[in-house]
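**Q** The following block contains the structure, expressed as structure tokens.
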Amino acid sequence: MATEATGTQAIDRAAQLLVRVVESSRPLSVGDLAERAGLPKSTTSRLVAALERQGLVQRIEDRGRLRPGPVLLRYANRDTAETLVELAAPSLRRLADASGETINLAVPGPDGVEHLAQEDTAHFVGVTDWVGRRVAFEHAANGKCFLAFGGAAKQTAELRRVRARGYATSIDELEVGLTAIAAPVLGPGGDAIAALSISGPTNRLTSDRIAQLAPLLVEEAHQLATRLGHTDHARGAA
């Protein structure tokens, strides 16, 4: 009986912390949460870790402050996924026509990048259906965008470069012979809510070709953010 009561108390406390994170107008630190909830910092840290493992909260770059996690964000945005795909369709088509390569629209999921839509390449070599597939953030160009623009607790040198130039690359990382370039679609707070990517064989997407396509890709990502109603998002370095 005591064990059941203790378990119920832990659930209540975790739920209380989650509500505070969701309702806060700014990201909160573990110390903020502990003070507001009247709990020891060690207890708060333990409960936050459990919420974080389940994708209900996530830490951001600002000293590990907390915001709603990918599970809650996906639930909140599930009715807008179709709208996002529809709004992105012109950008996917223009990028496909300009590059001749595979174009993808992706969003951050709880365990990796999730691909929502694709415009296929004009070439036979390089056609892969990514829609519905999930890949790790660290090795995908679009995943690096999500990490660089809001998804990583700590910014590495590579992620800082992504922020500075406004796009990410993945060359022979996800798969040998495959290269991708991706640009973030930024929301009002400067976080990446989606990403557009161009992918194809490494022998076609050379460094010179990437340099040619990057400005177009970044501009299409900016236009998509504007179509989504985000007019105060930052561009480039932060």
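**Q** Among the listed residues Arg160, Arg227, which satisfies the condition of being free of Cβ contacts under 8 Å to residues at least 40 places away in the same chain and open to solvent by 70 Å² or more (accessible area, probe 1.4 Å)?
**A** Just one listed residue meets the conditions, Arg160.
**Q** If a residue has to be at pLDDT 95 or above and open to solvent by 40 Å² or more (accessible area, probe 1.4 Å) to count, how many in the range 172-201 make the cut?
**A** 0
**Q** Moving to a separate point now. Only residues that are touching a residue at least 60 places away in the same chain (Cβ under 8 Å) and either hydroxyl-bearing (Ser, Thr, Tyr) or open to solvent by 70 Å² or more (accessible area, probe 1.4 Å) (or both): list them for the range 11-64, please.
**A** Listed by number, the list holds a single entry, Glu61.
**Q** Taking the residues in the range 125-144 that are under 16 Å from Ser170 (Cβ atoms) and either modelled with pLDDT under 75 or assigned to a loop (DSSP other than H, G, I, E, B) (or both) as candidates, determine which candidate is least open to solvent (accessible area, probe 1.4 Å).
**A** Top of the filtered list is Ala140.
**Q** Further question: For the structure I just gave you, tell me whether Leu147 is buried (at least 23 other Cβ atoms within 10 Å of the Cβ), at pLDDT 85 or above and on the phi < 0 side of the Ramachandran plot. Steps first, answer last, please.
**A** Numbers: buried (at least 23 other Cβ atoms within 10 Å of the Cβ): yes; at pLDDT 85 or above: yes; on the phi < 0 side of the Ramachandran plot: yes.
Judged against the criteria, Leu147 is a match.
**Q** While we're here: Please go through the range 96-124 and give me each residue that is modelled with pLDDT under 70 and touching a Pro at 6+ places or on another chain (Cβ under 6 Å), ordered by number.
**A** none
**Q** Among the helices (runs of 4 or more DSSP H) contained in the range 1-91, which hold 1 or more residues that are modelled with pLDDT under 85?
**A** 2-23, 70-77
The values are calculated or read from the model by the stated rules, or taken from the named source; none is laboratory data. Owing to the predicted nature of the structure, the values given are computational and were not obtained by experimental measurement. No Cβ is skipped: glycine too gets one built from the backbone with ideal geometry, and neighbour counts run over all protein chains shown. Ligands, DNA and RNA are excluded from the accessible area calculation, which covers all protein heavy atoms including side chains. Shrake-Rupley method; radii C 1.70, N 1.55, O 1.52, S 1.80 Å.
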